[in-house]
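One structure is given here, and the rest of the page talks about it.
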C-alpha cells in the first residue's frame, strides 16, 4: 500500500474539498445559464490540479520554515544527530528524529551526572589518601623542630616514621601515574612467553612472610608437574598476581587459605583463579571494587594501608592485554578473582 506524506494527504483532501464546493457552485450558475454541465468536468480537474500544487507548495514552505527554525535551534545546542542532516518536512520522520535526539541527550545528561559524582568522589578520595601521610610527616617534623631532635632516640624514631609516610606518598603517586598511563594507553607492554606456574611460585615466595603473620597458606589447587606457557607482559602479570594475593591476605581470615589455579578456558586461552576464604564482598560493592580508591570497608581498610588503586590497576593491566577479569564473592565466605591469558603455542 502506498504510504503518503501527511502534507500530501492534507493537500489531496483540501484540494478535493475546494474542487467539490467550487464545482457545485459553478454547476448552479451553468445550469441557470443553460450551459451543458459536462463543461464542469475539465474545469474540476484543472481546478483540482492547481489547488493541489498551490496548497502542497504553501504547506511545504510553511512547515519547512517552522522545521528549519527547530533545526537552527538544535544547532545552538550542538546537536550532531540532527544538524548534519538535510531538513525533512515529513512530520513522522521529524518526530522520530526529535524523540531520538531527546533520548540521546537525556542519556548524555545522566552519564555526565554519574561522571560528575564519580569525579567528586575521586577528588575526595585522592585528597584523603594524600592528606593522611602528609599530615603524619608534618607532625613528626614539627615535633622534631620544636626540640625533640635533641633526643637521639626520638630523633631516629620520628625520622623513620616520617620516612614511612613519604614512602606511602611515593607509593600512591606511582600508582596514580601508572593508572593514568594505563587509561590513556601510554604504557607499552613487553609481551613474552613464560611459565605462569613459575611466576605464581615467585609471588608466593615474595609474600610468604606477609601471609605467615596471619597464618594464611599460599597454595596451588593441585600439583602442576608440567609448565603452563602463556604470552603476556611477565612483569605486569606478576604485578596483577601480587595485588590479588596481597588483597586476599589483607582481607583473609586468620589461618585461612589463598589458592591459585590455572585451567584451560578455550583452545588458546587459560584462566587464572585466585581464591580465598576471607571476609568476602557483599553484592552492592562487587560492581565498584575495580574503581580507583573505592574501599568496601571504609574504616578497616585504611589501617591495612595500600594506595587504594591495586584492583583498578589490575583491571587496566588485564584489559591492556585484551583479556577479561572476573569476580565472584560472598560476604563471610570468600572471594575469587579470575582473569584470562593467551596460551603460548
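Nothing in this text is a laboratory measurement; each read-out follows from the coordinates by a stated rule. As the structure is a prediction and not an experimental result, all values here were calculated from the model. So basically every Cβ, Gly included, is an ideal-geometry build from the backbone, and we count neighbours across all protein chains shown.
Ordered by the number of other Cβ atoms lying within 10 Å of each residue's own Cβ, fewest first, 276, 146, 221 fall into the sequence 146, 221, 276.
Ranked by how many other Cβ atoms sit within 10 Å of their own Cβ, fewest first, the residues 106, 267, 210 fall in the order 267, 106, 210. Averaging the Cα positions of each part gives two centres, and for segment 132-154 and segment 218-274 these lie 42 Å apart.
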